[in-house]
1. Scanning segment 103-149 for residues that are assigned to a loop (DSSP other than H, G, I, E, B) and over 20 Å from the mean Cα position of the chain (by Cα), which turns out nearest to residue 285 (Cα to Cα)?
2. Quick test of your reading of the structure: residue 98 fulfils all but one of (1) buried (at least 24 other Cβ atoms within 10 Å of the Cβ); (2) within 26 Å of residue 198 (Cβ to Cβ). Name the failing condition by number.
3. Restricting to segment 254-272, what's the tally of residues that are out of contact with any Gly (no Cβ under 8 Å at 6 or more places or on another chain) and open to solvent by 10 Å² or more (accessible area, probe 1.4 Å)?
4. Among (1) open to solvent by less than 40 Å² (accessible area, probe 1.4 Å); (2) within 18 Å of the chain's Cα centre (by Cα); (3) aliphatic (A, V, I, L, M); (4) modelled with pLDDT under 90, which single condition is residue 152 missing?
5. Take the residues in segment 428-453 that are of a type in the set (A, V, I, L, M, F, W, C) and crowded, with 20+ Cβ neighbours inside 10 Å, then tell me which one is nearest to residue 354 (Cα to Cα).
6. Taking segment 235-253 on its own, how many of its residues are buried (at least 16 other Cβ atoms within 10 Å of the Cβ) and of a type in the set (A, V, I, L, M, F, W, C)?
7. Residues 282, 275, 232, 297: which one is modelled with pLDDT of 90 or more, more than 30 Å from residue 182 (Cα to Cα) and either open to solvent by less than 20 Å² (accessible area, probe 1.4 Å) or touching a strand residue (DSSP E or B) at 6+ places or on another chain (Cβ under 7 Å) (or both)?
8. For segment 58-90, which residues satisfy the criterion of being open to solvent by 10 Å² or more (accessible area, probe 1.4 Å) and farther than 19 Å from residue 152 by Cβ?
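The values are calculated or read from the model by the stated rules, or taken from the named source; none is laboratory data. This structure is a prediction, so every number in the text was calculated from the model and none was measured. All Cβ positions, glycine included, derive from the backbone under ideal geometry; neighbour counts span all protein chains shown. When the accessible area is computed, the model is the full protein with side chains, heavy atoms only, and any ligands, DNA or RNA have been set aside. Shrake-Rupley method; radii C 1.70, N 1.55, O 1.52, S 1.80 Å.
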Amino acid sequence: MTSSRSLRRLALAGAAVATLAAFPARAAGPQFPAGFRIQEIATNGTTLHVRVGGSGPPVVLLHGYGDTGDMWTPLAADLAKDHTVIVPDLRGMGLSAPAASGFEKANEAEDIVGVMDALKAARADVVAHDIGNMVAYALAARHSDRVTKLVLMDAPVPGIGPWEEVLKNPLLWHFRFGGPDMERLVAGRERIYLDRFWNDFSADPRRFPEATRAHYAELYAAPGRMHAGFRQFAAFDQDAVDNRAWLAGHGKLKMPVLAIGGAASFGPMMALVMQSAAADVQERVIAGSGHWLMEEQPVATTAAIHEFLHASPATPVDGRLAPASLTLDQTEVMSRAGAGTGTSGVSGIQTVLLYGDPAKPGPYALEIRVPPNTRIAAHSHRDDRFATVISGAWYFGYGATADGAAVKPLGAGALYTEPAGAPHFAFTRDAPAVVRLTGVGPTDTAFVAAAPASH
């Protein structure tokens, strides 16, 4: 059997010729099921380390930062029963060949096309997490004939939806962290750097096992790996430009998309973000998980993906509607209420609670149905909220008063944000509007006190 050390040297040397070998067992870290093989595939000017196993329709699994393709072992074991499972390490990462450039996600999508071609996979389902989402979106957009279904997990896509607002989140400082000096600072301290992500982005850091941490830290400490990781982030600005241009010129994705969020991370916002770039979006929120869904909740996450790829219908959970991306027709039959936590309390506005409880900690989603000629005075909320206009004409603006403020008319499909503590107002004119809101509770509504009249 070829040793793990020999395979690592082979991959790091960037072998130009594809080779097959038995998949090596690793004492620490995730292990793929028996029957998987590895193949070094030359593609698009680089060489990717790819695991292949199972039989049936192809499915491609794309990892993110802080992981390698090894993250997918629980899902690979499930899908290999009736799929050909293809698991590459992304360009420059894991055991793929070192790479100094080419980290724009549109280019990395071509890496994956080359892998699919080498394995004679004309079409495939694609499942992705974190930076893998960004590669997967570029692949699905530019090669829509090659992607049958798409699963995106708990990370935004540059240029899609409220991307500029996402960039302002202080937890995401690492998006701008990179370059030679940063690489020198982290050299020899890869485990310290990576622990920050595994700890801060978990619902419970204890669910990210020590053996798995040691395994990934070893891989990221190899020559060129941290450089490749930093370059993945450095390409975000170009990725945003590319994605906006593509969406404007070609429209939304048409294949079914499952957007999965960890309840302690993106939650239902993952689906709301993707609704601005895909026409058919389903939603799942994984309870008890932060960002690291396959490590924190592998059973629930695998079940959600399995159900989607096998086209099983959604089922109720504990007698309640399972989290889902709902159409206007579907929400028409749901119970409605008047004022409630997180709403304006304005007479005539009806509220439909779609998910969670705005009065309690955790993610929630609700819709407000606003009659014509209704005005909501300036107010703020304690949590950051994302909003999507489902139908009608909605007039929205920021500020403590509508007088003299810029008001933007928003139509169906428009997406905007309500930052925590930021006063804003809204109104309808001759037509009603339906607006979907999501946030992480507990929330509230604080109206801006009217200024005293001058004499």
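1. Selected residue: 123.
2. (1)
3. First pass over segment 254-272, keeping only residues out of contact with any Gly (no Cβ under 8 Å at 6 or more places or on another chain): 254-260, 266.
This time we only want the ones that are open to solvent by 10 Å² or more (accessible area, probe 1.4 Å), so: 254-256, 266.
Result for segment 254-272: 4.
4. Among (1) open to solvent by less than 40 Å² (accessible area, probe 1.4 Å); (2) within 18 Å of the chain's Cα centre (by Cα); (3) aliphatic (A, V, I, L, M); (4) modelled with pLDDT under 90, residue 152 violates only (4).
5. By that ranking, first place goes to 437.
6. Narrowing segment 235-253 to residues buried (at least 16 other Cβ atoms within 10 Å of the Cβ): 235-236, 238-240, 242-243, 246-247, 252-253.
Restricting the remaining residues to those that are of a type in the set (A, V, I, L, M, F, W, C) gives 235-236, 240, 246-247, 253.
The number of residues fulfilling the criteria is 6.
7. Values: 282 fails: modelled with pLDDT of 90 or more; 275 fails: modelled with pLDDT of 90 or more; 232 fails: more than 30 Å from residue 182 (Cα to Cα).
297 is the lone residue from the list that is modelled with pLDDT of 90 or more, more than 30 Å from residue 182 (Cα to Cα) and either open to solvent by less than 20 Å² (accessible area, probe 1.4 Å) or touching a strand residue (DSSP E or B) at 6+ places or on another chain (Cβ under 7 Å) (or both).
8. Once the filter is applied, which keeps residues that are open to solvent by 10 Å² or more (accessible area, probe 1.4 Å) and farther than 19 Å from residue 152 by Cβ, segment 58-90 yields 73, 77, 80, 81, 82, 84.
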